[in-house]
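Worksheet for the structure shown next.
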Amino acid sequence: MAGWMSAGVDEDSKLDKGDAQKVVKRTAALLRPYRALVIRAGTLLVVWTGLLVTLPVLFGKAIDAIDRGDSAVLNRSIVAYVVIAVANYFLWRSAIISLARAGEKFLRDLRRRVFDKLLNLSMPFYDREKAGVIVSRMTSDIDSLAELVQFGLQMFLSNILLLFGVAIVLAILSWQLFLVCLVSVPLVTIASRKFQRDSNDAYLRVRDGIGATLSSLQEGLAGVRVIQSYSRTKIESERFHATNYSLFRSHMNSTRIAAWYLPVVDLAGITTTAVALGIGGWMVNDGRLSLGTVVTFVLLLQNLFEPVQQLSQLFNMVQSAAAGLNKLYSLLDEEIEVPEAVAPVELPSRADVLVTGVGFSYATGPPVLRGVDLHIGMGERLALVGPTGAGKSTLAKLIARLYDPTEGSIEYGGIDLRLASRASLRDRIIVVPQEGHIFDGTVRDNIRVARASATDEEIDDALHRIGVHHRFVALPEGIDTEVRERGSRLSAGERQLVSLARAALVDPGVLILDEATSSLDPGTEAVVEAAMDVLMTDRTTIVIAHRLSTAARCDRVGVVDAGMLAELGTHDDLVGLGGRYTALFAAWQGAQEPIGSTGP
Amino acid sequence: MTELDLTKERTGTGLRLLRQAIGEHRRGIALGMAVSILWTLAKISVPLLIRQGIDDGIRGDGSLLLWSLLVVAVGGVSAICTGLRRYVAFRNARAVEAEFRDRVYQHIQRLHFAFHDRMQTGQLMSRGNTDLQQFQNFITMLPVTAANLMTVVVAAVILFWLNWSLATLALMGLPLANYFGRRFAKKLHPAVMGIQEESAQLATVVEETIAGVRVVKGFGAEQMRADALAKEADDVYLRSLEAASARAAHLPALELVPNIGLIAVLGYGGHQVLNGTLEVGELVLFNIYVVLLIQPLRMLGMMVANYQRASAAGERLASVLDTEVEIVDPDQPTPLPDVMEAGAVTFRDVDFEYEPGEPVLRGFDLEIAAGESVAIVGATGSGKSTVARLLPRFYDIGSGSIELDGVLVNEVALDELRTAIGIVFEDTFLFSSSVRDNIAFGVPDASDEVIRRAALLAGAAEFIAELPDSYDTELGERGFSLSGGQRQRIAIARAIASDPRVLVLDDATSAVDPTKEHEIRDALGEVMRDRTTIVIAHRAATIALADRVVLLDEGRVAAMGTHDELLASNERYREVLAQGAAKHAKAHDEVVD
């Protein structure tokens, strides 16, 4: 049932011959671990199809035996028929299982492999590519493959085998009659090619139509309150109607394409049968052919044209799966821009950070940082301030080695970060992002993200240390409360606290805090600040500060402007310096308003 | 309510919708069935003609050419009917799908806020999507089912008429095809659903990992995520194998069944031919018919499962379509008076509750003069947002009355009432269309000048000018994404573009960047001049813009006066304000970023 118009490929993802060959080669290589299964499935399919084709031949033989009045041959044919039919039952059964095993194992490993690759790719990749596109590699691209494995592959392979098998048997039985039967091949070929192209386009139109209708529906539901407030119910319903009926027309377009193609193939089939009957019958009457052969022809031809119809549809499915594989293989070949050293070094638990002559620019584009020199002593607190895009976040990312500098070097305890082992790097230098990202699972699972091996006690301890244990214990099921997808049950402040608890669990040597720009409710704000203070104690800390009150609490302040470290010193020094920081401070003081004032 | 309860309580409602859909398309469906029956007759005649060709043309001395040509002619009719049947069947089914989707959408758009408060978007999405697909599937299958039934009956009758003993033997195994077909559909469906479910879980792991890649990299949690994915990949694998074993258990069996008949035909029939009681052509005919019957019997089995799914989908659809629209136009609407100074609002002794037994407003009284601006202040849950939602009749009140310019709001036509009130919600929703269309949302024919002025007043003109295509910039999922503050300012522009009698700002500046807030405050002062405005806010500076402040506590007006008066005299006011003010001051403690 599946198959009709259920796949298609965009023009720009279609593979040329070279790409297609590469995809096949690579797939064959990836299939090597399940060689035995693949060979087994292939053999079973070949034997099964071969036997399937012999059934009508046996039937023809039986007819001939009847024609001759030879009951011994008739009985032998019947026994053979029974044996083959039963054998085929088991053959097909295990063919389906073997093929599914091989295909699904391949898919499972491909999913893991691609995801592992994604996890290994470094931040520059994630900054460059859209999240939606990355996700679609793991979902729609692999799903189109899965669809092929589940619904199409067996049908595709057995139909091809069946076509060849039938052709061979017919040619052996009577090559003259076989040649006559080829009369409809040109028509079927032309029609099938046209159908393939048209149905591919039709499928893409339907797919876009479904997408448009669903997002229109989604928007109408999400915005229903606004729509009612502005009395737009009628207009919006009309708009939805337009999208909905455009989808209807796309569906009908796709139906029309199938509706002319199916009769053409049907007609070709029936014409060929009639030709076999007419010419074959004439040959029987001439004594050049047996009646049984004609019967075999008629029976086989009856079942020959259905595979043709199915194949021309399955072809689109195969094409789309191949396009998906091609994209996945190029992802697997993606270069890792921040690689781990060949002989990685462990970092010491506490140390200073030395930034020497660091410059950085993205692959294309002007330098983001230039000639930054900075020494952050062990246990020092440094605030980085400056306008958006000045480069303060980039500097922080370089210190955490989410990127490598294009010039200069960054050392931790005298070890160039490029030499450090990835594991020890993530133990020693931690970035706590602005907004706490929450994964599906419990609060505890979410904290454990920082260190998979942490015990329950260690997690409790981390929460105690930053003084928020009681807050999470108060949740319905305490720390084992499930936070639904994207953490919708936790407030923004609680999500930040989870984020800080993660840092506490790791106990890093360098902590990089990205201060949140949006404000929390006053109660939580104070708790977050207290937790941050605890974390900063006895630790080298770099705060990307958005509030001058935060900067003022740090040992030193660095002002980053236009990719350079413009000013560096204590808060008091910089305020007195008469430079950028002085100006920022003046603006900030001006904005302070006493509580409850009447405003402007 | 679980799905199961629904089925039990609403037996028949799903069937009713299906019947209605079929009734509305009875002509198309009748045509589809007629074509299907013609197709069946042609299809069944072909083997008869082949038999005649063999018995008469080959073994006898009749005209082989005649029979061959007849095969082509009848086969041609069958071929044309194949295409036509498909076309008609799908046209009916797709039309039903589209019509019902329109109907669901329109109905949902008219349903009151309280309904939407209860319903999740995802649930309503599946009403308009997967449920309709089940419907469509069933209706597509109707003509084919008619043809299938016809095939089974006619072929069986012919076979019995030709040779009843051979027919009995040949058809003996065929009910098994129906049985296996039904069982296959029953086994495969849950397995396929299982794959979808596991795939969705896998997608969730991928999505949240990619969205949180900074956390994953920052803490070196790569292995943990890889393990999470490996688990999901294993689940998908296992479910897929379940589906494969459902296929393996049924497809070969379905193929074996006709072979039982064929063997009987060969064995018994072959010897009958040898005895001279049967023609060879008839033997071949039996063979072809047995094969011909398999597909219809299998599909009839699947149709049962199909019907069950369609009627369950129909029940779910009916549960939405049968929900009555609670907020409707009055029978005899009173127009709002055309007065010079419009926008006088009166709440008189209003009681209101969202959930029975949990009153939100209790004897709420408030009179707002035309052109006056009033700030409503209260702690969370005091009912301050509710006040704003009752005026445009998003909800109907329990008792008391609400008037706009001297007319009871429930006596005004809904369109007129809601056009007269411009409301800006806290969670801003913009549509995926241009900035211009979003601002002109309430007044689609607004001139450029009106749109620009509204944007200017809302403090949005400046950043709109900097957008890639200025007012023509497309917003939303596939368009440009704005910051929370920018979105709110466009929402404010949208509210004032239609020049409403009353403007309601429900915490409308909460997401505006504090450094930009003074600009909006200046702008809002402009907007509020000479226009009745209800401001719900907790930032002191925004509250101070209003002529008068109302302190709401436990669903009643607790105090009233200017901001300064209340600040000086009311303890509770200071308390409530302290939270907002603290937040406000905190937000100002910020470097330009």
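The values are calculated or read from the model by the stated rules, or taken from the named source; none is laboratory data. From a predicted model like this one, the values you see are computed outputs, not experimental measurements. A quick note on method: Cβ atoms are made from the backbone with ideal geometry, for glycine too, and the neighbour counts reach across all protein chains shown.
Could you please give the count of residues in the stretch A:441-457 that are in a helix (DSSP H, G or I) and either touching a His at 6+ places or on another chain (Cβ under 7 Å) or at pLDDT below 85 (or both)?
If we filter the stretch A:441-457 for residues that are in a helix (DSSP H, G or I), which is where we start, we get A:443-448, A:456-457.
Of the ones still in play, those that are also either touching a His at 6+ places or on another chain (Cβ under 7 Å) or at pLDDT below 85 (or both) are none.
Qualifying residue count, the stretch A:441-457: 0.
Test of understanding: among B:Arg19, B:Arg10, which residue is basic (Lys, Arg), modelled with pLDDT under 90 and touching an Asp or Glu at 6+ places or on another chain (Cβ under 6 Å)?
B:Arg10
Right, A:Gly379: on the phi > 0 side of the Ramachandran plot and surrounded by fewer than 18 Cβ atoms within 10 Å (Cβ to Cβ) or not?
So A:Gly379 fits the description; yes.
Mind checking which pairs have a first residue in the stretch B:50-61 that is assigned to a helix (DSSP H, G or I) and a second that is surrounded by fewer than 19 Cβ atoms within 10 Å (Cβ to Cβ), Cβ under 7 Å, 6 or more apart or different chains?
B:Asp56/B:Gly62; B:Gly57/B:Ser63; B:Ile58/A:Asn285
For the stretch B:98-115, enumerate the residues that are in a helix (DSSP H, G or I) and either β-branched (Val, Ile, Thr) or more than 13 Å from the chain's Cα centre (by Cα) (or both). Quick ask: steps written out before the conclusion?
Step one: filter the stretch B:98-115 for residues in a helix (DSSP H, G or I), giving B:98-110, B:113-115.
Correct list: B:Glu99, B:Val104, B:Ile108, B:Arg110, B:Phe113, B:Ala114, B:Phe115.
Suppose we filter B:Leu524, B:Leu566 for residues that are over 17 Å from B:Ala458 (Cβ atoms) and either in a helix (DSSP H, G or I) or at pLDDT 80 or above (or both); which single one remains?
Residue meeting the stated conditions: B:Leu566.
What residue, among those in the stretch B:49-77 that are more than 7 Å from chain A (Cβ to nearest Cβ) and of a type in the set (S, T, N, Q), is surrounded by the most Cβ atoms within 10 Å (Cβ to Cβ)?
B:Gln52
Taking the conditions exactly as written (more than 8 Å from every other protein chain (Cβ to nearest Cβ) and surrounded by fewer than 22 Cβ atoms within 10 Å (Cβ to Cβ)), does A:Arg288 satisfy them or not?
The answer is yes for A:Arg288.
Checking the conditions here, which among B:Ser373, B:Ser401 is buried (at least 19 other Cβ atoms within 10 Å of the Cβ), among the hydroxyl-bearing types (Ser, Thr, Tyr) and closer than 22 Å to B:Leu503 by Cα?
B:Ser373 is the lone residue from the list that is buried (at least 19 other Cβ atoms within 10 Å of the Cβ), among the hydroxyl-bearing types (Ser, Thr, Tyr) and closer than 22 Å to B:Leu503 by Cα.
Among the residues of the stretch A:226-265, which ones are of a type in the set (Val, Ile, Thr), within 25 Å of A:Leu311 (Cβ to Cβ) and either touching a strand residue (DSSP E or B) at 6+ places or on another chain (Cβ under 7 Å) or facing chain B (nearest Cβ under 8 Å) (or both)? First the steps, then the outcome.
Here is the first cut: in the stretch A:226-265, the residues of a type in the set (Val, Ile, Thr) are A:226-227, A:233, A:235, A:243, A:255, A:257, A:264-265.
So of that shortlist, the ones also within 25 Å of A:Leu311 (Cβ to Cβ) come out as A:255, A:257, A:264-265.
If the condition is that a residue be of a type in the set (Val, Ile, Thr), within 25 Å of A:Leu311 (Cβ to Cβ) and either touching a strand residue (DSSP E or B) at 6+ places or on another chain (Cβ under 7 Å) or facing chain B (nearest Cβ under 8 Å) (or both), then A:Thr255, A:Val264 are the ones that fit.
Can you find a residue that is surrounded by 13 or more Cβ atoms within 10 Å (Cβ to Cβ), outside the structural domain of B:Glu426 (by TED's automatic domain parsing), within 27 Å of B:His116 (Cα to Cα) and not β-branched (Val, Ile, Thr) anywhere in the stretch B:361-368?
no
Considering every residue within the stretch B:258-281, establish whether at least one is more than 9 Å from chain A (Cβ to nearest Cβ), in contact with a Leu (Cβ under 9 Å, 6 or more places away or on another chain), touching a residue at least 40 places away in the same chain (Cβ under 8 Å) and more than 30 Å from B:Gln52 (Cα to Cα).
No.
For A:Ile270, indicate whether it is in a helix (DSSP H, G or I), more than 7 Å from every other protein chain (Cβ to nearest Cβ) and either in contact (Cβ under 8 Å) with a residue 12 or more places away in the chain or out of contact with any strand residue (DSSP E or B) (no Cβ under 9 Å at 6 or more places or on another chain) (or both).
no
Can you tell me which residues in the stretch A:208-223 are buried (at least 17 other Cβ atoms within 10 Å of the Cβ) and of a type outside the set (A, V, I, L, M, F, W, C)?
A:Gly209, A:Thr213, A:Ser216, A:Gln218, A:Glu219, A:Gly220, A:Gly223, listed by residue number.
Looking only at residues in the stretch B:127-180 that are without any contact (Cβ under 8 Å) to a residue 24 or more places away in the chain and within 44 Å of the chain's Cα centre (by Cα), which one is farthest from B:Leu84 (Cα to Cα)?
So the residue we want is B:Asn129.
Looking only at residues that are surrounded by fewer than 21 Cβ atoms within 10 Å (Cβ to Cβ) and of a type in the set (A, V, I, L, M, F, W, C) in the stretch A:228-242, which one is modelled with the highest pLDDT?
Step by step, filter the stretch A:228-242, then rank; the result is A:Ala242.
Can you name the residue in the stretch B:290-331 that is under 29 Å from B:Arg418 (Cα atoms) and free of Cβ contacts under 8 Å to residues at least 60 places away in the same chain and, of all such residues, is surrounded by the fewest Cβ atoms within 10 Å (Cβ to Cβ)?
Residue satisfying both the conditions and the ranking: B:Asp331.
Assess whether B:Arg94 counts as being of a type outside the set (Gly, Ala, Ser) and modelled with pLDDT of 90 or more.
yes
How about the stretch B:105-124: which of its residues are crowded, with 22+ Cβ neighbours inside 10 Å and either more than 7 Å from chain A (Cβ to nearest Cβ) or of a type in the set (A, V, I, L, M, F, W, C) (or both)? Give the derivation first.
Step one: list which residues in the stretch B:105-124 are crowded, with 22+ Cβ neighbours inside 10 Å, which gives B:105, B:108, B:124.
B:Ile108, B:Leu124, listed by residue number.
Table: residues versus (1) more than 7 Å from chain B (Cβ to nearest Cβ); (2) touching a residue at least 60 places away in the same chain (Cβ under 8 Å); (3) not in a helix (DSSP H, G or I).
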{"site": "A:Leu58", "(1), (2), (3)": "yes, no, no"}
{"site": "A:Ile63", "(1), (2), (3)": "no, yes, no"}
{"site": "A:Val83", "(1), (2), (3)": "yes, no, no"}
{"site": "A:Trp92", "(1), (2), (3)": "no, no, no"}
{"site": "A:Ala100", "(1), (2), (3)": "no, no, no"}
{"site": "A:Glu104", "(1), (2), (3)": "no, no, no"}
{"site": "A:Leu110", "(1), (2), (3)": "yes, yes, no"}
{"site": "A:Lys117", "(1), (2), (3)": "yes, yes, no"}
{"site": "A:Tyr126", "(1), (2), (3)": "no, no, no"}
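Condition check: touching a residue at least 12 places away in the same chain (Cβ under 8 Å), within 37 Å of the chain's Cα centre (by Cα) and surrounded by fewer than 19 Cβ atoms within 10 Å (Cβ to Cβ). Does A:Lys22 satisfy that?
Working: touching a residue at least 12 places away in the same chain (Cβ under 8 Å): yes; within 37 Å of the chain's Cα centre (by Cα): yes; surrounded by fewer than 19 Cβ atoms within 10 Å (Cβ to Cβ): yes.
Judged against the criteria, A:Lys22 is a match.
Return the pair list, or none, for Cβ contacts closer than 7 Å from residues in the stretch B:181-210 that are without any contact (Cβ under 8 Å) to a residue 60 or more places away in the chain to residues that are among the acidic types (Asp, Glu) and outside any helix (DSSP H, G or I), at least 6 apart or on different chains.
Cβ pairs passing all conditions: B:Thr204/A:Asp440; B:Glu208/A:Asp440.
Might you check whether a residue that is within 30 Å of A:Leu148 (Cα to Cα), aliphatic (A, V, I, L, M) and not assigned by TED's automatic domain parsing to the domain that holds B:Ile368 occurs anywhere in the stretch B:269-292?
yes
Please give the number of the condition A:Ser349 fails out of (1) more than 30 Å from B:Ile54 (Cα to Cα); (2) surrounded by 16 or more Cβ atoms within 10 Å (Cβ to Cβ).
If we test A:Ser349 against (1) more than 30 Å from B:Ile54 (Cα to Cα); (2) surrounded by 16 or more Cβ atoms within 10 Å (Cβ to Cβ), just (2) comes out false.
Kindly indicate the residue of the stretch A:458-490 that is among the small types (Gly, Ala, Ser) and under 21 Å from B:Val216 (Cα atoms) and also modelled with the highest pLDDT among those meeting that condition.
Checking each candidate, the answer is A:Ala462.
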